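**Student:** Please read through the structure below; I'll follow up with questions.
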Amino acid sequence: MRDLSGGPRVLLKRLRELMAEPLEPQERLDRIVRQIAGNMVAEVCSVYVLRADGVLELYATEGLNKEAVHLSQLKMGQGLVGTIAASAQPLNLSDAQSHPAFRYLPETGEEIYHSFLGVPILRTGRSLGVLVVQNKASRNYRDEELEALETTAMVLAEMIATGELKKITKPGLELDLTRAVTIDGDTYNEGIGLGYVVLHEPRIVVTNLLNEDSDKEIRRLAESMGSLRLSIDDMLSRRDVSMEGEHREVLETYRMFAHDQGWVRKLEEAIRNGLTAEAAVEKVQSDTKARMMRLTDPYLRERMHDFEDLANRLLRQLTGYSGRTTADGFPNDAIIFARAMGAAELLDYPRANVRGLVLEEGAVTSHVVIVARAMGIAVIGQAAGVVALAENGDAAIVDGDEGHVHLRPMQDLQRSYEEKVRFRARKQEQFRALRAVEPVTKDGKRIALQMNAGLLVDLPQLAESGAEGIGLFRTELQFMIASTMPKADEQETFYRNVLKQAAGRPVTFRTLDIGGDKVVPYFRGHEEENPALGWRAIRLSLDRPGLLRTQLRAMLKAAAGTELKIMVPMVTEVSELKAVRELLQKEVQHLSRFGHGLPRKLQFGAMLEVPALLWQLDELMEAADFVSVGSNDLFQFSMAVDRGNARVSDRFDTLGRPFLRILRDITRAGERNNTTVTLCGELAGKPISAMALLGIGFRSVSMSPASIGPVKAMLLGLDVSALSKLMDEALDDTHATESVRDILVRFASSHNIPL
Ligand code: PEP
Ligand code: MG
C-alpha cells in the first residue's frame with residue numbers, strides 16, 4: 001500500500017492533484033477523504049455538508065459505513081457535527097462519546113471510534129459544512145493536526161462554493177450556500193429593486209490555494225505586508241485625515257492590526273502548512289471572523305470590520321487586484337451591497353443600471369443615502385451581516401417599503417415582486433402621460449407644481465416629471481457629500497450648472513441649512529444637547545457671515561443675466577431675514593462695482609419653519625418677496641415631535657386640525673399681503689395631503705419628483721372651491737368627532753379623485 005502520510009504539505013499536494021483531475025464530484029470527494037484519513041493516520045475521515053434546510057448531510061466518508069453516505073444527517077446544533085457547524089469552532093476530543101452533545105447514529109458504525117477531531121468548513125466566516133477525522137484509540141490531536149485539517153477544509157469550502165456538489169445533492173434540496181434568506185433592515189428610501197448582487201468591495205476569490213514553495217510565499221507575504229503598512233502610514237500622514245476624529249481612529253486601529261505579530265505568525269503557519277499567501281490570509285480572516293461574529297460588544301464587532309477591511313487590503317496587495325471595472329460584467333439590474341460607502345463611490349456606478357442599495361451600516365442622513373435618494377433607488381440600511389451572506393451575481397430583492405432584503409429569493413416570492421414592480425411601472429406610465437397636461441383643477445385653478453432637489457443627479461427629473469421648476473434646492477447637500485468645504489468657484493460652477501440644466505425653469509436656492517441632523521464633517525460645531533434647536537441654518541450663517549457671503553456671491557455670479565430666487569432656512573425673527581438681505585445687498589453692490597453681470601431679476605424669500613413666525617406673519621410677508629413653508633420642521637416644532645425619531649414622528653396626524661389650522665392661517669396671511677406662499681415639505685408629496693393643502697388655500701407646492709405625477713392626477717379631478725368650503729367647515733368645527741383625514745377620504749371617493 002502507498003504511504004499516504006507525510007505531513008500537511010504532502011497532503012495538500014495530493015489534494016491539488018485531485019482537484020485538477022477530471023473526476024465526478026462524488027469520486028473526487030471520496031478520494032479526498034481517503035487521502036486525508038491516510039495522511040493523518042486516522043481510521044475515519046468524513047465530510048458533512050450543510051443544506052439549505054439547516055441539515056448537515058454526510059457527503060463522503062472513509063472508515064464509516066458507506067451506506068450512511070447521503071443518509072446520515074444532523075440538524076444544525078445537533079450532535080458534535082452540528083455543534084461545530086453552529087459555533088464555527090473546532091472540537092478536539094479524546095473521548096467523543098462522553099461529550100454531552102454526542103449523538104449516536106447507528107447506521108454509521110462509529111461507536112468504536114473514541115477520539116474525534118472536527119473543524120468547520122468556512123467561507124467568509126460562514127459554516128458550509130464540517131470535516132471530521134476519528135480514531136479508535138483514545139488520543140488528543142496535536143495543534144498541527146488541527147491546523148492541517150482546517151487548511152484542508154478550505155479546499156472543501158472552495159469545492160462547495162463553486163457549486164460542484166450540486167450534482168450529487170438530492171433532487172429538491174439545495175445547499176446552504178444557495179439558501180434563500182431575508183434580512184431585515186431600516187428603510188432609508190422607499191421603492192422596490194429587483195436585480196443581482198454587486199458587492200461593492202468584491203470578495204477576492206482566491207483560486208490558487210496551495211503553494212509550491214513556502215519560503216517564496218512567506219517572502220511574498222512579507223513584501224505585501226510591508227506595502228500595506230506603508231500605505232496606512234501614508235494615509236495617516238495625509239493632511240486631510242491628520243486631524244482628530246473617527247477616520248484617524250480607524251486608521252490607527254488598522255496600523256495596530258498591520259503590526260500585530262500574532263496575525264503574522266498565524267499567516268506564516270498557514271503558509272508553512274502548504275497554502276499560498278493569499279489563501280493563508282483568507283483562512284486566518286475566516287477563522288477570526290467566525291470567532292468574532294459571536295461577540296456582542298459593539299466596539300469589538302466594529303473592530304472586526306476594521307480587521308476585515310485590512311485583510312481585504314492585504315488580499316488586494318497580494319493578488320494585484322486594482323479595483324472594480326464597471327464596464328465588464330456589470331449587471332443591467334444591479335443591487336449594490338456594501339458595509340458602508342462614500343457618496344462619490346455610488347456616483348461612480350452606471351446610474352441607469354442600479355436598482356437598489358443595501359448597507360450594513362449607514363443612517364438616513366449619511367451622504368450615500370442622500371445621493372441614493374436623489375437617484376431614486378430603494379435603500380435599506382443597518383442590514384446586519386448581509387455582505388457575508390451574498391455572493392456576486394446572486395438574485396436579490398430590496399424592498400424599501402418594508403425594510404427587507406431577500407437574497408436568492410424563492411420563485412413565488414420573486415414572481416410576486418415582479419408583479420408589484422410591473423404594476424408600479426404601469427402607474428408610472430400613466431403619470432408620464434400627464435407630463436404635458438397643465439396642472440389646472442376641475443374648477444379652473446392653476447397650481448404650481450414644483451420639485452425639490454439638491455444635487456446635479458436630480459436635475460434630469462425636472463423634464464421627466466414635468467415639474468415647472470425647483471421650489472426647494474437644498475444647497476447643503478453639495479457641502480454634505482464633499483470631503484472638504486467647497487470653494488467659492490466650485491460653488492459658483494455648481495449653481496451655474498444647476499441653472500443651465502434647469503433650462504429656464506425657475507430654481508429657488510436655499511442658503512446653507514447645516515447643523516441639526518445635517519452634519520458637515522469638516523465643519524464641526526460644539527456638541528449640542530439639542531441640535532434641532534441649536535446653532536444651525538440661518539443662525540450659523542449670521543454668525544459666520546463669511547460663509548454666507550461666499551455662497552450668496554456664488555449664486556449671484558452664477559445667475560448673471562437670468563432670474564434668481566434665494567431663500568433662507570429656519571428664520572425665527574424677521575430681523576434675521578433683514579440682516580441676510582443686507583448682506584445680499586452688499587454682495588450685489590460689490591459685484592456691480594467690479595463690473596460683474598447681475599441677475600436680471602432677484603427675489604428673496606424666507607422659509608417658515610419656526611412657530612414664532614406665526615405671530616409675525618404680516619411683518620414677515622412685508623420683508624420677504626415670497627414665503628415657503630418647511631412643513632417637516634414646522635410640524636416638528638409645532639407638535640414637539642422629533643422628525644427623526646420613529647417612536648414619536650408619526651404620533652400625531654399631519655392632517656390633524658391643529659396643524660391644518662396653522663397652515664390655513666399662513667395662506668390667509670399670504671392672500672392678505674399678496675405674497676406667494678409655497679409649501680415644500682414632505683406633506684406636499686402625498687395626494688391626500690396635497691389635496692388638503694389646496695383645500696386650505698395653497699396654490700404652489702414643491703415635492704419630490706416622483707410625487708408630481710400622482711399629485712397632478714389628483715388635482716385634475718378636484719373641485720377646489722367645493723373642497724375649500726368643506727375644509728373650512730371641518731376646521732372651524734370645535735366639536736368635531738370625525739377626523740379631517742376621514743373627511744378628505746370620503747370627499748375624494750365621492751368625487752372620484754385618485755389618492
Ligand atoms: C422642511 O423642513 O420642511 C424642509 C423642506 O426643509 P428640510 O426638510 O430640508 O429641513
Ligand atoms: Mg427644514
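**Student:** For residues that are out of contact with any helix residue (DSSP H, G or I) (no Cβ under 7 Å at 6 or more places or on another chain) and of a type in the set (V, I, T), tally how many sit in region 438-462.
**Tutor:** So the answer is 1.
**Student:** Going by the structure shown, is M607 in contact (Cβ under 8 Å) with a residue 60 or more places away in the chain, open to solvent by less than 20 Å² (accessible area, probe 1.4 Å), within 16 Å of ligand 2 (Cβ to nearest atom) and more than 28 Å from P460 (Cβ to Cβ)? Working first, answer last.
**Tutor:** Working: in contact (Cβ under 8 Å) with a residue 60 or more places away in the chain: yes; open to solvent by less than 20 Å² (accessible area, probe 1.4 Å): yes; within 16 Å of ligand 2 (Cβ to nearest atom): yes; more than 28 Å from P460 (Cβ to Cβ): no.
So M607 does not fit the description; no.
**Student:** Taking the options L71, L105, L15, L58, name whichever one is open to solvent by less than 10 Å² (accessible area, probe 1.4 Å), within 22 Å of D176 (Cβ to Cβ) and not β-branched (V, I, T).
**Tutor:** Being open to solvent by less than 10 Å² (accessible area, probe 1.4 Å), within 22 Å of D176 (Cβ to Cβ) and not β-branched (V, I, T) holds for just one of L71, L105, L15, L58, which is L58.
**Student:** Here's a follow-up. Could you check, for region 428-441, whether at least one of its residues is touching a strand residue (DSSP E or B) at 6+ places or on another chain (Cβ under 7 Å) and either within 28 Å of G362 (Cβ to Cβ) or at pLDDT below 90 (or both)?
**Tutor:** Checked against the condition, which is being touching a strand residue (DSSP E or B) at 6+ places or on another chain (Cβ under 7 Å) and either within 28 Å of G362 (Cβ to Cβ) or at pLDDT below 90 (or both), region 428-441 yields no hits at all.
**Student:** Moving on to the next point. Do you know which residues across region 487-510 are within 16 Å of ligand 2 (Cβ to nearest atom), under 14 Å from A559 (Cβ atoms) and not aromatic (F, W, Y)?
**Tutor:** Of all residues in region 487-510, those within 16 Å of ligand 2 (Cβ to nearest atom) come to 508-510.
Applying the additional criterion that residues be under 14 Å from A559 (Cβ atoms) yields 508-509.
Within region 487-510, T508 is the sole residue that qualifies.
**Student:** Yes or no: region 515-522 includes at least one residue that is crowded, with 16+ Cβ neighbours inside 10 Å and modelled with pLDDT of 90 or more.
**Tutor:** no
**Student:** Right, another one. Among what's in region 623-638 and is among the polar types (S, T, N, Q) and in a helix (DSSP H, G or I), pick the residue that is farthest from ligand 1 (Cβ to nearest atom).
**Tutor:** Step one: list which residues in region 623-638 are among the polar types (S, T, N, Q), which gives 628, 631-632, 636, 638.
Pick out the ones that are also in a helix (DSSP H, G or I) and you get 631-632, 636, 638.
Details: S631: 5, N632: 3, Q636: 8, S638: 12 Å.
Here the answer is S638.
**Student:** Does region 93-108 contain any residue that is over 30 Å from M375 (Cα atoms), assigned to a strand (DSSP E or B) and modelled with pLDDT of 90 or more? Let's see the steps before the verdict.
**Tutor:** Residues of region 93-108 over 30 Å from M375 (Cα atoms): 93-108.
Filter again for assigned to a strand (DSSP E or B), leaving 93.
Imposing the further condition that a residue be modelled with pLDDT of 90 or more reduces the set to 93.
Looking through region 93-108, at least one residue is over 30 Å from M375 (Cα atoms), assigned to a strand (DSSP E or B) and modelled with pLDDT of 90 or more.
**Student:** Name every residue in region 513-550 that is touching a residue at least 40 places away in the same chain (Cβ under 8 Å) and within 16 Å of ligand 1 (Cβ to nearest atom), in order of residue number.
**Tutor:** D513, D517, K518, V519, V520, A532, I538
Matching residues to (1) of a type in the set (D, E); (2) farther than 26 Å from V677 by Cβ; (3) open to solvent by less than 10 Å² (accessible area, probe 1.4 Å):
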{"residue": "D458", "(1), (2), (3)": "yes, no, no"}
{"residue": "L462", "(1), (2), (3)": "no, no, yes"}
{"residue": "E476", "(1), (2), (3)": "yes, no, yes"}
{"residue": "I481", "(1), (2), (3)": "no, yes, no"}
{"residue": "V507", "(1), (2), (3)": "no, no, yes"}
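**Student:** Just to be sure I understand the filter: pairs with C-beta atoms under 7 Å, separated by 6 or more residues or on different chains, first member in region 554-582 and in a helix (DSSP H, G or I), second member modelled with pLDDT of 95 or more and among the small types (G, A, S). Which pairs pass?
**Tutor:** Close Cβ pairs satisfying both conditions: A554/A488; V574/A623; L577/A606; L577/A623; L577/A624; K578/A623.
**Student:** For region 584-605, state whether one or more residues are under 39 Å from the mean Cα position of the chain (by Cα) and within 16 Å of ligand 1 (Cβ to nearest atom).
**Tutor:** Yes, region 584-605 contains at least one residue that is under 39 Å from the mean Cα position of the chain (by Cα) and within 16 Å of ligand 1 (Cβ to nearest atom).
**Student:** With the requirement that a residue be surrounded by fewer than 21 Cβ atoms within 10 Å (Cβ to Cβ) and hydrophobic (A, V, I, L, M, F, W, C), what does region 176-194 give you? If you could, list the steps in order and put the result at the bottom.
**Tutor:** From region 176-194, those surrounded by fewer than 21 Cβ atoms within 10 Å (Cβ to Cβ) are 178-184, 186-187, 190-192; that's our starting set.
A180, V181, I183, I192, listed by residue number.
**Student:** Whether any residue in region 424-438 is open to solvent by less than 80 Å² (accessible area, probe 1.4 Å), β-branched (V, I, T) and not in a loop (DSSP other than H, G, I, E, B) is what I want to check.
**Tutor:** No.
**Student:** Can you name the residue in region 394-408 that is assigned to a loop (DSSP other than H, G, I, E, B) and under 16 Å from I192 (Cβ atoms) and, of all such residues, is most open to solvent (accessible area, probe 1.4 Å)?
**Tutor:** Within region 394-408, the subset assigned to a loop (DSSP other than H, G, I, E, B) is 394, 400-403, 408.
With under 16 Å from I192 (Cβ atoms) added as a condition, the list becomes 400-403.
Details: G400: 0, D401: 60, E402: 121, G403: 1 Å².
Here the residue is E402.
**Student:** Since S704 meets every condition but one in (1) under 37 Å from the mean Cα position of the chain (by Cα); (2) polar (S, T, N, Q); (3) at pLDDT 95 or above, which condition does it not meet?
**Tutor:** Failing condition for S704: (3).
Residues checked against (1) in contact with a helix residue (DSSP H, G or I) (Cβ under 8 Å, 6 or more places away or on another chain); (2) on the phi > 0 side of the Ramachandran plot; (3) more than 16 Å from ligand 2 (Cβ to nearest atom); (4) in contact (Cβ under 8 Å) with a residue 40 or more places away in the chain:
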{"site": "G644", "(1), (2), (3), (4)": "no, no, no, yes"}
{"site": "T654", "(1), (2), (3), (4)": "yes, no, no, no"}
{"site": "L660", "(1), (2), (3), (4)": "yes, no, yes, yes"}
{"site": "R672", "(1), (2), (3), (4)": "yes, no, yes, yes"}
{"site": "T675", "(1), (2), (3), (4)": "yes, no, yes, yes"}
{"site": "T678", "(1), (2), (3), (4)": "no, no, no, yes"}
{"site": "M691", "(1), (2), (3), (4)": "yes, no, yes, yes"}
{"site": "L694", "(1), (2), (3), (4)": "yes, no, yes, yes"}
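**Student:** OK, next. Does L620 count as at pLDDT 95 or above, out of contact with any Ser or Thr (no Cβ under 8 Å at 6 or more places or on another chain), under 25 Å from F659 (Cβ atoms) and more than 16 Å from ligand 1 (Cβ to nearest atom)? Full working, then the answer.
**Tutor:** On the way: at pLDDT 95 or above: yes; out of contact with any Ser or Thr (no Cβ under 8 Å at 6 or more places or on another chain): yes; under 25 Å from F659 (Cβ atoms): yes; more than 16 Å from ligand 1 (Cβ to nearest atom): yes.
Yes; evaluated as a whole, the condition is true for this residue.
**Student:** For region 612-638, name all the residues that are open to solvent by less than 30 Å² (accessible area, probe 1.4 Å), under 13 Å from V571 (Cα atoms) and either among the polar types (S, T, N, Q) or within 14 Å of ligand 2 (Cβ to nearest atom) (or both).
**Tutor:** Answer for region 612-638, where residues must be open to solvent by less than 30 Å² (accessible area, probe 1.4 Å), under 13 Å from V571 (Cα atoms) and either among the polar types (S, T, N, Q) or within 14 Å of ligand 2 (Cβ to nearest atom) (or both): L613, V627, S628, V629, G630, D633, L634.
**Student:** Quick one: which residue in E563, E573 is open to solvent by 50 Å² or more (accessible area, probe 1.4 Å), more than 35 Å from the chain's Cα centre (by Cα), closer than 22 Å to Q491 by Cβ and assigned by TED's automatic domain parsing to the domain that holds V498? First the steps, then the outcome.
**Tutor:** On the way: E573 fails: closer than 22 Å to Q491 by Cβ.
None of the others qualify; the one that does is E563.
The values are calculated or read from the model by the stated rules, or taken from the named source; none is laboratory data. Since we're looking at a predicted model, the values are computed, not measured. So basically every Cβ, Gly included, is an ideal-geometry build from the backbone, and we count neighbours across all protein chains shown. Heads up: the accessible areas ignore ligands, DNA and RNA and are worked out on the full protein's heavy atoms, side chains in. Shrake-Rupley method; radii C 1.70, N 1.55, O 1.52, S 1.80 Å.
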